[in-house]
Amino acid sequence: LNAGMMVSITKAGLYGLQLNEPEKSLMQLNKAIKAIDLGKMRMSLNIVKFENSKVSLSSAGMPPAYLFNNQKNDTKEILVPGLPLGSIKNVDYDLINFEMNQGDVLVLISDGLPECDNEEGEMLDYDAVKNCIHENGKKSSKEILDSLISLGNNWMNGKMNEDDITIVVI
């Protein structure tokens, strides 16, 4: 019930916000969630603003994002520190700015994929996710998404994952 309330509060809060400044939007959402006081319930969330080739990313407790630079054939991990929403009443959120060029890829994930475990209890890990993105970075968004899903499915080998897996490929 509390998880459903957290999602509903966050979604409603997003409708009333100007999302031009991702870090300030997270601060306002956090204040609203903390004021309602759902106990120990927390929520992780990224807010990304795209304006031409400029990207602004702010994070509330999310795993790193991955940026594949097509021209340099390089994949960079972008970790934006920030506490999950509902953690502390007055918290500031960081903002990372970078540029994306033609052919670049940005991948946002939840922790469900890198932290999924196999039958032996071994975690897939973030390096495997980064390597998969790098190996498939020149492909289409759908092909990158499919490769990440295959990575997780092959690692779990039929085992049901205990966490949700969210992947956004841009």
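Calculated [222 nm] ellipticity per residue, helices only, for the chain: -10500 deg cm²/dmol; basis is -39500 (n - 2.57) per DSSP H run with n ≥ 4, divided by all residues, nearest 500.
Based on protein heavy atoms only, the range 55-170 ends up with 53 Å² per residue of surface accessible to a 1.4 Å probe. For percent of Cα pairs over 24 Å apart, the listed values are (1) 36; (2) 42; (3) 49; which was obtained by calculation from the structure presented? Only one option fits the structure, namely (2).
The radius of gyration of the Cα set in the range 111-161, together with its Dmax, comes out at 10.8, 33 angstrom. Bridging of Lys54 to lysines at a Cα separation below 21 Å is possible for Lys24, Lys72, Lys76, Lys138, once same-chain residues fewer than 8 apart are set aside. For the chain, the dipole from Cβ point charges (+1 on Lys and Arg, -1 on Asp and Glu) about the Cα centre works out to 800 debye, to the nearest 20.
Cα centroids of the range 139-170 and the range 6-71: 23 Å apart.
The values are calculated or read from the model by the stated rules, or taken from the named source; none is laboratory data. Predicted model, so just to flag it, every value in this text is computed and none were measured. Ideal geometry is used to build each Cβ from the backbone, glycine not excepted, and the neighbour counts take in all protein chains shown. Heavy atoms of the whole protein, side chains included, go into the accessibility calculation; ligands, DNA and RNA do not. Shrake-Rupley method; radii C 1.70, N 1.55, O 1.52, S 1.80 Å.
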